[in-house]
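Step one of this worksheet: look at the structure below.
What follows draws every value from the coordinates through simple rules; no lab data is involved. Small disclaimer: the values here were computed from a predicted structure and weren't measured. Cβ: placed from backbone, ideal geometry, glycine included. Neighbour counts: every protein chain shown.
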Amino acid sequence: MSARPRQLHLNAFLMTVGHHEAAWRFPESSLLGAWDLQHYIHLAEAAERGTFDSIFFGDGPALQGDPRYRPVGRLDPTVLLPALAGVTKHVGLVATASTTYNEPYNLARRFASIDHISNGRAGWNIVTTAGADAAANFGLDEVPEHRHRYERAAEFVEVCLKLWESWEDDFLIGDKAAGRYADGGKIHPIEHVGRFFRVRGPLNVPPTPQRHPLLVQAGSSEDGRDFAARYAEAVFTAQQTLEDGQQFYADLKRRIAALGRDPARVKILPGIVPVLGSTEAEAQAREAELARLQVAEYGLKQLGSLIGVQLTEDDLDRPLPDLGPASAVQGHQSRFTVITDLARREGLTVRQLLVRLGGGRGHRTFTGTPEQVADTIQHWFESGAADGFNVMPPLLPGGLDEFVDHVVPELRRRGLFRHEYTGKTLREHYGLERPDNRYTSVRKLPEVRAV
Ligand SMILES: Cc1cc2nc3c(=O)[nH]c(=O)nc-3n(C[C@H](O)[C@H](O)[C@H](O)COP(=O)(O)O)c2cc1C
């Protein structure tokens, strides 16, 4: 019997009523869907019907975007996910939370709680939060420097890991007759004293099904890649071309191996915005309709927040001006590179660039039939560019339903994707093991950075 071919991993990246900035203008879109629990229950159930590994919500502690032109703002995903845990059984639940604007104790506790509530389906997308709007909500005049944010993030995660491991698995005595509940010797203060944090511990939540949430990372700058290589178990990334995807994949796997970790145990998922139609013409018509409904003023503001330079309507029919090197950007360094490369490579005017960014803000948009979408997913997967995909439907809920009903069956037919869940926890969906505990480990944990 031949071995089962390597399996794809699919994560549904869910955003309000769709990733496309004009999604809300479609007749079927709900104007207030972004605040409606039923909307998210529908999405979580659809992803589970499609045996997705996980659903995922981005987040940031600021009103991003401009409410004059689209529904912006979001529910706190660490509050939303427990509600979705109650109506699903299998699908993984990944929330974004910032290491720049939180304290490790609060967050370690919150994710441990979600892991218990969901029976081991929690994931944490670790972000350092690039935007100035967030800094202004926390008493800061400007965004903390890029390098500083990643240094804080590393210590933040180290503290969280110590807290999640502060209880040994066999802490429970449970002797009702003798009145002994737990073995105090198996619950350890962490006594962390570092550059950014002083935390005594232990955590006030006992060990969870996964010990700690799946650690996800999504920044692709030099600092971001080093951080991912050290801590991430899944990596979300924005890559426009197969060559860029292959280069990123090889580079990150090399960095992971250099730290003594197994590269196969870190899953890389580029984003794809699938604009679907039952025929090519239908898909193209939908793409054209999405572009027609875009508002240039909004697109310029969003571009400004991604590249750190505010262009005006006078720039619309000109090429993107020279913006200097990515290394000088204090915000989203990797997204800056993706966007400026795209504009140069294809010789786009700013107006054309705005159309290309309308669906995924730098993530790759692919327009076609379900078979064509499955073809490109398979091609990237088999060409060393991806272990799976971060699926970003332009319209929600319709775009996710269509993907589940038409693309997933095609991927299953090709033997690339599961027909049913075989694991229980999110980490099992991604083919990963429950992490060791530093007090009981028989295997050597990867050496951690001194903090
Ligand atoms: C798929 C994906 C999702 C992201 N979601 C968030 C998010 O929810 N909140 C956030 O602050 N940043 C988010 N980011 C941004 C990254 O965390 C990171 O800040 C950005 O890519 C710039 O990082 P870099 O300077 O290391 O390239 C996301 C990035 C990607 C690729």
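With 0.36 nm allotted per residue and the present C-alpha distance subtracted, the Arg68-Thr279 stretch has 72.5 nm of extension available.
As a rough footprinting exposure proxy, the listed residues Met392, Met15 were ranked by other beta carbons within 10 Å of their own, and the order from fewest upward is Met15, Met392.
Report the normalised scattering of the chain as log10 I(q)/I(0) at q = 0.10 Å⁻¹, calculated by the Debye formula with identical scatterers on the alpha carbons. Here the Debye-derived log intensity ratios amount to -0.71.
Taking 0.36 nm per residue of separation and subtracting the Cα-Cα distance, full extension of the segment from Ala83 to Arg254 would add 57.7 nm.
With a/c under 1.5 counting as rounded, go ahead and sort segment 172-240 into rounded, prolate or oblate using the C-alpha gyration tensor (a ≥ b ≥ c being the square roots of the eigenvalues; past the cut-off, prolate if a/b is larger than b/c, else oblate). It is oblate, given that a/c is not under 1.5 and a/b is not larger than b/c.
Using only helices, what value at 222 nm comes out for the chain when you add -39,500 (n - 2.57) per DSSP H run of length 4 or more and divide by the total residues, to the nearest 500 deg cm²/dmol? Don't jump to the answer; show the numbers that get you there.
Numbers: 15 runs with 161 residues, N = 451.
Mean residue ellipticity, 222 nm, calculated: -10500 deg cm²/dmol.
What does DSSP give for the chain in terms of the percent of beta bridges that are antiparallel, rounded to the nearest 5?
On the way: 6 of 41 bridges.
Roughly 15 percent of the DSSP beta bridges within the chain come out antiparallel.
Equivalent-ellipsoid semi-axes for segment 91-147 (Cα gyration tensor, √(5λ), whole Å, largest first): 27, 11, 8.
Taking all C-alpha pairs of segment 1-148, those more than 19 Å from each other amount to 59 percent. The length gained by stretching the chain between Asn119 and Asn137 to full extension, at 0.36 nm per residue less their Cα-Cα distance, is 3.1 nm. Approximating the spin labels as points 7 Å out from Cα along Cα→Cβ, the Thr376-to-Ala291 distance works out to 1.4 nm.
Work out the P(r) tail for segment 268-406: percent of alpha carbon pairs separated by more than 21 Å, whole number. Show your work: numbers first, answer last.
Numbers: 4489 of 9591 pairs.
The answer is 47 percent, as a whole percent.
For the chain, what's the relative contact order in percent, using C-alpha pairs closer than 8 Å and at least 6 residues apart? Walk me through the numbers on the way to the answer.
Details: 821 pairs, mean separation 102.2, N = 451.
The value is 23 percent.
Bridging of Lys424 to lysines at a Cα separation below 23 Å is possible for Lys89, Lys267, once same-chain residues fewer than 8 apart are set aside.
Between the Cα long axis of helix 146-164 and the first principal axis of the chain there is an angle of about 40°, rounded to the nearest 10.
Protection proxy ranking of 110-119, 181-190, by the mean of other Cβ atoms within 10 Å over each peptide's residues and highest first, is 110-119, 181-190. Extent along the principal axes, Cα only, for segment 101-184: 59, 23, 19 Å, with the longest axis given first.
Rank by packing, highest mean first: peptides 196-204, 95-103, 261-269, with packing defined as the count of other Cβ atoms within 10 Å averaged across residues.
On the way: 196-204: 16.0, 95-103: 20.7, 261-269: 19.0.
Packing order, densest peptide first, comes out as 95-103, 261-269, 196-204.
Placing +1 at every Lys and Arg Cβ and -1 at every Asp and Glu Cβ, with all other atoms neutral, what dipole size does segment 125-283 have around its Cα centre, in debye to the nearest 20?
Working: 19 positive and 24 negative charges, 127 e Å.
That gives segment 125-283 a dipole magnitude of about 600 debye.
Shown here for segment 1-101: GluC sites (Glu not before Pro) in loop regions (DSSP other than H, G, I, E, B) with at most 11 other Cβ atoms within 10 Å, namely Glu28. The alpha carbon centroids of segment 365-380 and segment 58-102 are separated by 28 Å. Set the Cα radius of gyration of segment 208-318 against 2.2 N^0.38 Å, with N its number of residues, and you get 1.43. Taking Cα atoms only, the orientation of helix 104-117 departs from the longest principal axis of the chain by about 90 degrees. A straight line joining the Cα centroids of segment 388-407 and segment 206-252 runs 22 Å.
Dividing the convex hull volume of the alpha carbon atoms of segment 6-74 by its residue count gives 109 Å³ per residue.
Seen from a random direction on average, the alpha-carbon convex hull of segment 197-271 projects onto 6.6 square nanometres.
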